[in-house]
């Protein structure tokens, strides 16, 4: 197991390197001069050149890359071109809001997915099962920005149950925080909830048809014990993978969801910076989300082996 | 040169062995796979709306009648009008052109580049394979949407750039799929036979490997079209796709969103439902095609 982890981490290094190259190159090779965007009416070439020089933009690209990577590795992501705030600071500031939102969405999609998925597997072809399966197809096909707009229309404007957007820090006003997180968390979790429900349902159905479940029932074990101790434990293994891979989907979803609900998180920062050509911020956020996505896939594989002792990494591959 | 190198080709290995039964579309298959019929008709309907949009509506999607601004859905305007007096339904119909062409073009980019990368990596093996696949891994490491947004933002907010961005995001998918297929097919006897009589790698790829992958690729392309339409909608919603006044679903939702607070919902709901239907249609058709063309994939019910 340890050897497997080491192997995986070593293999991650070249990919991580390429990720940094892509993150760096993506916006640098693009047309459009960030200095011109932010200099306002200043068109004096000398001042513009001085600005370029102070930002290091006059150096050859490889030099810029090495300098950027060197600073990045030390955790220095530079300063935002727009706000002059330290990029690391700007991200850390907004991270709690994003973590709270993605955490709530994940919690919701996993618990509801687990409960509804199990119920619909137990009562196959029932009305509940049909409803759940149809909602699944709807959930993956509805764009989350449209869902968000509709939820605002129904729950904030027509029914006036929840506010249409904005954020209240958890420490200052826990109740208001809860009220404001409901709609964005629902919006963000729709797609993953659908996938989770489908995955729980199909893997439970798969497990139910196996011999050891019949044996467990035959030896007189109560139905609840059969489901919880035998079926769920094995049936959930594929679910772990799916949930692990959803970290990426949640990062993506947060970008849009935060935009709609004026949620002051990293996702909103990403979009604002992208539209404003704020290179340092974009690079840092793109890089961090790619690396955390890579780490989460690694974690999924490790948890996988721990959950299912039959999977041996030393022999395989 | 290619031909003279393999004089025996066409006699000994006349045709690639059909590994999969060729499936014909008949009324019987449609009856046995009703989902194929449903998904198929939805997609055909969508294509018809896109092609015949000018015949289906008498309203100009770009120039509206300002005296009819912000009307709620009614007999004259089934989905109401926006703040410039443009018919929402007409814009939704014309918007399908953008969505479908982005779907078509970006999927083609992903398909052509991805399949080529996969073929080269799988066939060449060794260092080439290693390097290409690490690059694919690196592209896969980025959340797809974030990558698409970054590429579009970098190249500039234009619909062509959105197509490129979505295409690039789809490349790793096809590259991996193709490489896997090549690795499993290249050891088959008929491929070895073809190689033994001197058929060039390029010809083996096009004549022997690709035909055997066709079904898988068709299924994948259908599903990726759904994905591409969704991504285009997001990019347009953020202002990175088609630019006004071109009708585009994502951008129209964003534009009309400002009237939601006055409970004027139709401007956003029309295009939103259209995106939902289009994505649903391609997902549904893709799933049905997979059941039909790719029986190994079929789930035990």
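The values are calculated or read from the model by the stated rules, or taken from the named source; none is laboratory data. The model shown is predicted, which means the values in this text are computed figures rather than measured ones. Cβ placement follows ideal geometry from the backbone for every residue including glycine, while neighbour counts extend to all protein chains displayed.
The residues in region A:146-176 that are part of a helix (DSSP H, G or I) and either under 21 Å from the mean Cα position of the chain (by Cα) or under 24 Å from residue B:270 (Cα atoms) (or both) can be counted, and the count is 13. Of the residues making up region B:232-274, just one is surrounded by fewer than 20 Cβ atoms within 10 Å (Cβ to Cβ), within 8 Å of another protein chain (Cβ to nearest Cβ) and in contact (Cβ under 8 Å) with a residue 60 or more places away in the chain, namely B:239.
Report whether or not residue B:224 is in contact (Cβ under 8 Å) with a residue 12 or more places away in the chain, more than 12 Å from chain A (Cβ to nearest Cβ) and under 30 Å from residue A:210 (Cα atoms). It is false that residue B:224 is in contact (Cβ under 8 Å) with a residue 12 or more places away in the chain, more than 12 Å from chain A (Cβ to nearest Cβ) and under 30 Å from residue A:210 (Cα atoms). Screening residue A:166 on (1) more than 10 Å from chain B (Cβ to nearest Cβ); (2) surrounded by 14 or more Cβ atoms within 10 Å (Cβ to Cβ) shows it passes everything except condition (2). Restricting the search to helices (runs of 4 or more DSSP H) fully inside region B:107-188 and requiring at least 1 residues that are closer than 14 Å to residue B:228 by Cα, within 14 Å of chain A (Cβ to nearest Cβ) and touching a residue at least 60 places away in the same chain (Cβ under 8 Å) gives B:144-155, B:159-185. For residue B:198, the conditions (1) surrounded by fewer than 23 Cβ atoms within 10 Å (Cβ to Cβ); (2) in a loop (DSSP other than H, G, I, E, B); (3) modelled with pLDDT of 90 or more are fulfilled apart from (3). Given the criteria touching a residue at least 24 places away in the same chain (Cβ under 8 Å), more than 10 Å from chain B (Cβ to nearest Cβ) and assigned to a helix (DSSP H, G or I), does residue A:229 qualify? Against the criterion (touching a residue at least 24 places away in the same chain (Cβ under 8 Å), more than 10 Å from chain B (Cβ to nearest Cβ) and assigned to a helix (DSSP H, G or I)), residue A:229 does not qualify. Selection of first residues in region A:98-123 that are farther than 25 Å from residue A:206 by Cα and of second residues that are outside any helix (DSSP H, G or I) and at pLDDT 90 or above, restricted to Cβ pairs under 7 Å at least 6 apart or on distinct chains, gives the following pairs, ordered by first then second residue: A:98/A:265; A:101/A:263; A:101/A:265. Summed over region A:248-279, the residues that are in a helix (DSSP H, G or I) and either more than 14 Å from the chain's Cα centre (by Cα) or free of Cβ contacts under 8 Å to residues at least 60 places away in the same chain (or both) give a count of 14. Report yes if residue A:203 is in contact with a helix residue (DSSP H, G or I) (Cβ under 6 Å, 6 or more places away or on another chain), assigned to a helix (DSSP H, G or I), over 28 Å from residue A:163 (Cα atoms) and touching a residue at least 24 places away in the same chain (Cβ under 8 Å), otherwise no. Taking the combined requirement at face value, the residue satisfies it. Being more than 18 Å from the chain's Cα centre (by Cα) and either part of a helix (DSSP H, G or I) or modelled with pLDDT of 90 or more (or both) is true of residue A:137.
So for region A:108-126 (the condition being surrounded by fewer than 14 Cβ atoms within 10 Å (Cβ to Cβ), away from every other protein chain (no Cβ under 11 Å) and part of a helix (DSSP H, G or I)), does at least one residue qualify? Yes, region A:108-126 contains at least one residue that is surrounded by fewer than 14 Cβ atoms within 10 Å (Cβ to Cβ), away from every other protein chain (no Cβ under 11 Å) and part of a helix (DSSP H, G or I). Anything in region A:272-306 that is within 11 Å of another protein chain (Cβ to nearest Cβ), at pLDDT 85 or above, touching a helix residue (DSSP H, G or I) at 6+ places or on another chain (Cβ under 6 Å) and under 15 Å from residue A:83 (Cα atoms)? List them, or say none. A:273, the sole residue that qualifies.
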